[in-house]
Amino acid sequence: MKGNRRIIVVAVAVAVLCAAVVYLPGFVRQQNSDLRVREISLSSDRAPAAGLRIVQLSDLHGKQFGENNTDLLEKIRAQSPDLIVFTGDLIDNPKDVELVLAFMGELVQSAPTLGVFGNHEARTGERSEFKERLEARGVVVLDNEIKDITLANVRVQVLGFDENNLTRRKHLRHLPLLEELEASAGLRIVLSHYPQEYSRSEAASFEPFGFDLMFAGHAHGGQWIIPGIGGLYAPGQGIFPTYYRGLYDNRLVVSPGLGNSHLPLRLNNFPEIIVVDLSP
């Protein structure tokens, strides 16, 4: 009975949301373009005495908030970040490259900016050139490697995984990197496009390893948030995903992202900038 009731609730919710799409276009525009900031407060023995403010961006998919993303830039700068991380899918197709390069070139002036690519950078065929051009602007793109930086007199190690999660899991290539990060004396951060990597079964899971924070995206916030139930669908996780938006296990931060991809519609799921305040 519970399963049937759940299906009925979902069906009714989807019908209502579909009606909203048809009859309330202004509402739909707001849902997809009203940029929000989600603040998350955490503590860690490894955090700087003065604290650390980290801004996360994910799944921009070439979207603009204001002409040339000026609104997005202003919103990020207003957070006064110590570190900016991005977790993939900055672009959706090759036509987005120049716009995103200009945006990222401005962004890196605000704080050290590090991140990883997602599946869409790989699909465009522009991945290698896009990476080189980002790095020429001072942006750090991590491909299964650890970047060692210093922030507020504290050592911070950022491990970034590339988008090829299937190959990585098959050969367990992530294990030595996670072990190296676990042994670090500094603040330990993991960046991955895919949140489901956190709790894969058996040896493929990131969860057993010691690190302080993991940032991910890809789930698009479950696309449609059904009140009382949660996210409807996420790529790689399917219907009713486990990890779709917010904080999990007090260290996994999943961004609902900023743009859209194949399904150009968000409902009850505003585009978000994530701000993590890490205190000692």
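The values are calculated or read from the model by the stated rules, or taken from the named source; none is laboratory data. It should be emphasised that the depicted structure is a prediction, and the values quoted were computed from it without experimental measurement. Please note: Cβ atoms are built from the backbone with ideal geometry, for glycine as well, and neighbour counts cover all protein chains shown. Just so you know, the surface numbers come from the protein's heavy atoms only, side chains and all, with ligands and any DNA or RNA stripped out. Shrake-Rupley method; radii C 1.70, N 1.55, O 1.52, S 1.80 Å.
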Can you tell me which residues in the stretch 33-73 are over 20 Å from D92 (Cβ atoms), of a type in the set (G, A, S) and touching a strand residue (DSSP E or B) at 6+ places or on another chain (Cβ under 8 Å)? S41, S43, S44, A47, G51
Tell me, yes or no, whether the stretch 238-246 has at least one residue that is assigned to a strand (DSSP E or B) and crowded, with 23+ Cβ neighbours inside 10 Å. no
Would you mention how many residues in the stretch 246-270 are farther than 20 Å from N165 by Cα and modelled with pLDDT under 95? 11
If a residue must be touching a strand residue (DSSP E or B) at 6+ places or on another chain (Cβ under 8 Å) and part of a loop (DSSP other than H, G, I, E, B), how many such residues does the stretch 176-228 contain? 14
Where a residue in the stretch 158-182 is acidic (D, E) and its partner, wherever it lies, is in a helix (DSSP H, G or I), with Cβ under 6 Å and at least six apart: E163/N119; E163/A122
Considering only the stretch 247-280, state which residues are farther than 12 Å from R38 by Cβ, open to solvent by 10 Å² or more (accessible area, probe 1.4 Å) and part of a strand (DSSP E or B). Y248, S279
So, in the stretch 45-81, how many residues would count as being touching a residue at least 40 places away in the same chain (Cβ under 8 Å) and open to solvent by 60 Å² or more (accessible area, probe 1.4 Å)? 5
Of the conditions (1) touching a helix residue (DSSP H, G or I) at 6+ places or on another chain (Cβ under 9 Å); (2) open to solvent by 40 Å² or more (accessible area, probe 1.4 Å), the single one that R155 does not satisfy is (1)
